[in-house]
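The values are calculated or read from the model by the stated rules, or taken from the named source; none is laboratory data. Just so it is clear, the model here is predicted, and its values are computed rather than measured. Here Cβ is always computed from backbone atoms with ideal geometry, including for glycine, and neighbour counts include all displayed protein chains.
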Amino acid sequence: MSQQKELFNYGEIKDEHKDAADECANILQNMNHPELAELIRKQFKIIENKKFDFKDHPFAKAAEQAEVFCSVQGFVSDNEIDYPVIGITEDVRKIMNLYKCIKNDSVE
């Protein structure tokens, strides 16, 4: 009977994992595989993408003004930048207030 192997949890990377991954990446780099080396370094968070600064965006400012909390649920990577995936769960009155803030009306 074959046993199913558990997938590696990239959310719980330890320093030992990073050290081993970096050593593998160096070997690949030396074997003229820079793309694979970089992929491993990113996967094991040895190098990280830049994060999009959402808190200074006009939408985030309007949400703050309307007292609507934007919860970061994760990130989507595009062109070596991590963009936050946000969730908003709020009383409909606050959402309507957010709409007014975005349209530059006054907050009630």
Considering the stretch 28-46 alone, what residues qualify as being surrounded by 13 or more Cβ atoms within 10 Å (Cβ to Cβ), on the phi < 0 side of the Ramachandran plot and out of contact with any Phe, Trp or Tyr (no Cβ under 7 Å at 6 or more places or on another chain)?
Leu28, Gln29, His33, Leu36, Ala37, Glu38, Leu39, Ile40, Arg41, Lys42, Phe44, Ile46
Can you list residue pairs whose Cβ atoms sit under 7 Å apart, with the first residue in the stretch 5-20 being assigned by TED's automatic domain parsing to the domain that holds Ile40 and the second being aromatic (Phe, Trp, Tyr) and not in a helix (DSSP H, G or I)? Count only pairs 6 or more apart in sequence or on different chains.
Ile13/Phe44; His17/Phe44; Lys18/Phe44
With the first residue restricted to the stretch 83-100 and required to be assigned by TED's automatic domain parsing to the domain that holds Ser71, and the second required to be part of a helix (DSSP H, G or I), Cβ contacts under 7 Å at 6 or more apart or on different chains are Pro84/Phe54; Leu98/Ala62; Leu98/Ala63
In the stretch 59-108, how many are out of contact with any helix residue (DSSP H, G or I) (no Cβ under 9 Å at 6 or more places or on another chain), of a type outside the set (A, V, I, L, M) and under 30 Å from Glu35 (Cα atoms)?
6
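A quick yes/no check of all residues on (1) of a type in the set (A, V, I, L, M); (2) surrounded by 12 or more Cβ atoms within 10 Å (Cβ to Cβ); (3) over 24 Å from the mean Cα position of the chain (by Cα):
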| residue | (1), (2), (3) |
| --- | --- |
| Lys61 | no, yes, no |
| Glu64 | no, yes, no |
| Gln73 | no, no, no |
| Asn79 | no, no, no |
| Asp82 | no, yes, no |
| Ile88 | yes, yes, no |
| Lys94 | no, yes, yes |
| Asn97 | no, yes, yes |
